[in-house]
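Everything below concerns the one structure shown next.
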């Protein structure tokens, strides 16, 4: 009955009957060009001996059977026709002597060729299956000859490196290495290790794709040998571990940030209360001096430094304090205009032309406090990055593909290449005044809302920070009741 009604699956106290037809059988492996270049290993010697012995015994048994049949025909001819009909007897003997050997040889040859064709069909089927497995593997499977030229190239390698089979087969494997890596040195080391040990289980290296991207690869390599045991090249299995390594580094960085956050929170709490007492005492002392007294300038400078330290403590607490986003619908244009009214008096922004390009109907789902902190930090960071007297800052927002993109651009000098990898590192700053926590806090808050932050910079042309927020948020647990 199940064959008539489909598959039955339990749900609660009842069942759901799946009326959909059973899935079609997978198509047979297609004949791939890769199959013609797969070097099949030599079969074991005992297998060959068993096969050849079977053929010899089979042919011998057939020949014996034919000999017995011919002997029986000869006996019949002698018993019935030798005396009574000598001419017919001689004709039978001539036909037996002439056609017998030819017929025996013909039938034996046809039987032998039939067995050989059967083995050939099995061999072709195994070759096609092996080619199908290799060609459809998600890992890149590549074989090189003794001159480090590419011999085989499967679809997994095409997806990893971008080269098609026609483009890469026969070329030197050095095209897969970036300019700062010596391909001959690494390839020769791998060849020597494979010749010596037969395999190299895990080798990490940097490779170059067709479109110029640098990727991190994990390679396992084994030796290829011909039927005589001579080294004929090597086969390698490639895996692109760029994303895996990035996630591992990000995890390590998060663990490091957690440790730094705990330390920062402890230090901030120890400093905050004494700092508040110092600020109050300095304020009282300042009232004792008239404005024209030179000592009042010293007191004012102390107050400025106390305010600077207080700002640093607040940033450290913001960075270290655990945050749980509370998502709500935000009309972004009105939200940004309110932020600009607050930031309008900031000297670092008053010195430049700031423009806002946000559609009036754009609504974003985010945590208001976190988003406000993000925009604050990005705008202040952009204003500090512009070194010329009057620069341009632009805040843009748009929605595309279910995501909201908010960018802050400046026309400053850009970010140097050696600084770019350290941009979000805690406490790293290129300015004499600053804690180096602004962009770190931005990335933390963007991550809490399930988004990401991208940086695009050009030397002498400026920098653009873009935050991409999903809609709806990736983690619905954080949504308010």
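Here are a few things to note about the model shown:
- All of (1) surrounded by fewer than 20 Cβ atoms within 10 Å (Cβ to Cβ); (2) touching a residue at least 24 places away in the same chain (Cβ under 8 Å) hold for residue 417 with one exception: (2).
- For segment 153-172, a residue qualifies if it is crowded, with 22+ Cβ neighbours inside 10 Å and in contact with a helix residue (DSSP H, G or I) (Cβ under 7 Å, 6 or more places away or on another chain), and the qualifying residues are 153, 154, 161.
- Filter pass, residue 337 being exposed (fewer than 12 other Cβ atoms within 10 Å of the Cβ) and modelled with pLDDT of 75 or more: no
- Selection within segment 192-220 - within 18 Å of residue 246 (Cα to Cα) and loosely packed, with under 12 Cβ neighbours inside 10 Å: 204
- Screening 474, 439 for residues that are at pLDDT below 85 and either part of a helix (DSSP H, G or I) or touching a helix residue (DSSP H, G or I) at 6+ places or on another chain (Cβ under 6 Å) (or both) leaves exactly one candidate, 439.
Residues are listed down the side, and each one gets a yes or a no for (1) assigned by TED's automatic domain parsing to the domain that holds residue 162; (2) under 30 Å from residue 193 (Cβ atoms); (3) modelled with pLDDT under 75; (4) surrounded by fewer than 13 Cβ atoms within 10 Å (Cβ to Cβ):
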residue	(1), (2), (3), (4)
224	yes, yes, no, no
232	yes, yes, no, no
274	no, no, no, yes
293	no, no, no, yes
313	no, no, yes, no
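- Checking residue 337 against (1) in contact with a strand residue (DSSP E or B) (Cβ under 9 Å, 6 or more places away or on another chain); (2) not in a helix (DSSP H, G or I), the condition it does not meet: (2)
- Any hit, segment 373-387, residues being surrounded by 18 or more Cβ atoms within 10 Å (Cβ to Cβ), outside the structural domain of residue 259 (by TED's automatic domain parsing), at pLDDT 85 or above and more than 30 Å from residue 304 (Cβ to Cβ): no
The values are calculated or read from the model by the stated rules, or taken from the named source; none is laboratory data. What you see is a predicted model; the values in this text were computed from it and never measured. With ideal geometry, Cβ positions are generated from the backbone for all residues, glycine too; neighbour counts draw on all protein chains shown.
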